[in-house]
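Everything on this sheet refers to the single structure shown next.
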């Protein structure tokens, strides 16, 4: 457990310096003129990093086999405090940018998922998979600075990438295990889910360059898609065919997505259009 201390301090320094450097880069976050600094964005960053601290602490206890209740409770809480403190120290009293917050909060989530899938693909033990998740989160947190500095995403850009990853998981499960009714091994499922989400996330990142949008518009579109999925479920509630049920849900969800994008085409102000 003592071997974790240098790593923890390294992560704290990396988080603080990365956030501070990214938000102080000239002309980094105002390219669309729609996302000024805010204290709420700083709060989001602190809460997100507190959550990541809890997750890393839990995974660390799994990996190092903590043998006391104090360790299981104390380590996650300690890392949550460290994550919160590092975030607040980095942003200062002026707040930070929503795009920066969402980048630093979302990247570790992707890293956790990639670490989980990679561990299952490699056939690692539960302890090793927990370590793989920690490595994935740490690497993604470090890489988030380069993503933020190079791509300068807004909060809506990051939300679109996240949404693409989540919905691609659902689409994969509906198609492969619902419509096609395949009985997959854990390794095959992990490969399929990892490939699908990375492809969808990359595609969404490219799409945001040509179709930037706000989080509010994306939220409405996803709410519409969710409603479409529920309608598909209600329409097939008495259907005996699993294939027909999932095909219907897939169709109504996709149609609702298209309808949501069409109905909100004028939702965002002009500042969300690329120059």
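The values are calculated or read from the model by the stated rules, or taken from the named source; none is laboratory data. For clarity, every value in this text was computed on a predicted model and none was experimentally measured. Because the Cβ atoms are built from the backbone with ideal geometry, glycine has one as well, and the counts that use them run over all protein chains shown.
Tell me yes or no: at least one residue of region 178-190 is crowded, with 20+ Cβ neighbours inside 10 Å and either touching a strand residue (DSSP E or B) at 6+ places or on another chain (Cβ under 8 Å) or free of Cβ contacts under 8 Å to residues at least 60 places away in the same chain (or both).
No - not one qualifying residue is present in region 178-190.
Look at residue 148 and say whether it is modelled with pLDDT under 95, assigned to a helix (DSSP H, G or I) and closer than 30 Å to residue 223 by Cβ.
Here the answer is yes, as residue 148 does meet what is asked.
Take residue 195 and decide whether it is within 14 Å of residue 162 (Cβ to Cβ), loosely packed, with under 15 Cβ neighbours inside 10 Å and assigned by TED's automatic domain parsing to the domain that holds residue 248.
Spelling it out, it is not the case that residue 195 is within 14 Å of residue 162 (Cβ to Cβ), loosely packed, with under 15 Cβ neighbours inside 10 Å and assigned by TED's automatic domain parsing to the domain that holds residue 248.
Looking at 213, 174, which one is in contact (Cβ under 8 Å) with a residue 12 or more places away in the chain and under 25 Å from residue 119 (Cα atoms)?
After applying the criteria, what remains is 174.
Residues 218, 250: which one is in contact (Cβ under 8 Å) with a residue 40 or more places away in the chain, buried (at least 18 other Cβ atoms within 10 Å of the Cβ), in a helix (DSSP H, G or I) and under 22 Å from the mean Cα position of the chain (by Cα)?
It is 218.
Assess whether residue 265 counts as being over 26 Å from residue 178 (Cβ atoms) and either touching a residue at least 12 places away in the same chain (Cβ under 8 Å) or in the same structural domain as residue 177 (by TED's automatic domain parsing) (or both).
yes
Hey, could you check region 86-139 for residues that are assigned to a loop (DSSP other than H, G, I, E, B) and without any contact (Cβ under 8 Å) to a residue 12 or more places away in the chain and say which is surrounded by the fewest Cβ atoms within 10 Å (Cβ to Cβ)?
Once the filter is applied, the top-ranked residue is 125.
Any idea how many residues of region 64-84 are surrounded by fewer than 15 Cβ atoms within 10 Å (Cβ to Cβ) and in a loop (DSSP other than H, G, I, E, B)?
3
Being assigned to a helix (DSSP H, G or I) and either assigned by TED's automatic domain parsing to the domain that holds residue 261 or within 30 Å of residue 36 (Cβ to Cβ) (or both) narrows it down to one of 56, 161, so name that one.
161
How many residues, within region 36-53, are surrounded by fewer than 18 Cβ atoms within 10 Å (Cβ to Cβ) and under 13 Å from residue 82 (Cα atoms)?
Qualifying residue count, region 36-53: 2.
From 115, 142, 123, 136, grab the single residue that is over 17 Å from the mean Cα position of the chain (by Cα) and over 18 Å from residue 219 (Cα atoms).
Going through 115, 142, 123, 136 in turn, just one is over 17 Å from the mean Cα position of the chain (by Cα) and over 18 Å from residue 219 (Cα atoms): 123.
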